[in-house]
Amino acid sequence: MLKFTFLIHRIDGMSREAFVNYHRNHHAPLFMSIPESAKYVKKYVVSHPVNADAAFDAVTDIYFASMDDFNTFFASENYKLKVHPDEQNFFKLDEVISLVCEERTIVDTTK
């Protein structure tokens, strides 16, 4: 499984509280509302630092079974017409840092 991590900054003028609220309660449900999410996304996590002086305002992790699934998802009309236009409403698109990782769990005592 591939994990795509996106490190994002909120837009200028948006409070941290408003950013977190928008990300969790508007954008995340919008992201999950398109049928491609159910088909291709294996796990979707949004995280927000607890310390106010963090280098980024959020970390988004999206897991896909393959690079083909990732490419198909982000090339879909639903993503391009419904989800992507919403991103500029709360984060700086030109400052996103992304990583593609193959995650291996070493210890997980939560299960």
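The values are calculated or read from the model by the stated rules, or taken from the named source; none is laboratory data. Remember, it's a predicted structure, so these values are computed and weren't measured experimentally. Cβ sites come from the backbone with ideal geometry, for glycine too, and all protein chains shown count toward neighbours.
General remarks:
- Applying the condition of being of a type in the set (S, T, N, Q) and within 19 Å of residue 83 (Cα to Cα) to the stretch 1-28 and asking which residue is surrounded by the fewest Cβ atoms within 10 Å (Cβ to Cβ) yields 25.
- Consider the stretch 47-83 and keep the residues that are over 15 Å from the mean Cα position of the chain (by Cα) and acidic (Asp, Glu). The one that is surrounded by the most Cβ atoms within 10 Å (Cβ to Cβ) is 69.
- One residue from 87, 103 being among the charged types (D, E, K, R), at negative phi and modelled with pLDDT of 95 or more: 87
- Of all residues in the stretch 6-20, those that are farther than 14 Å from residue 46 by Cα have Cβ atoms under 8 Å from Cβ atoms of residues that are at pLDDT below 95 and surrounded by fewer than 16 Cβ atoms within 10 Å (Cβ to Cβ), 6 or more apart or on another chain, in 16/52.
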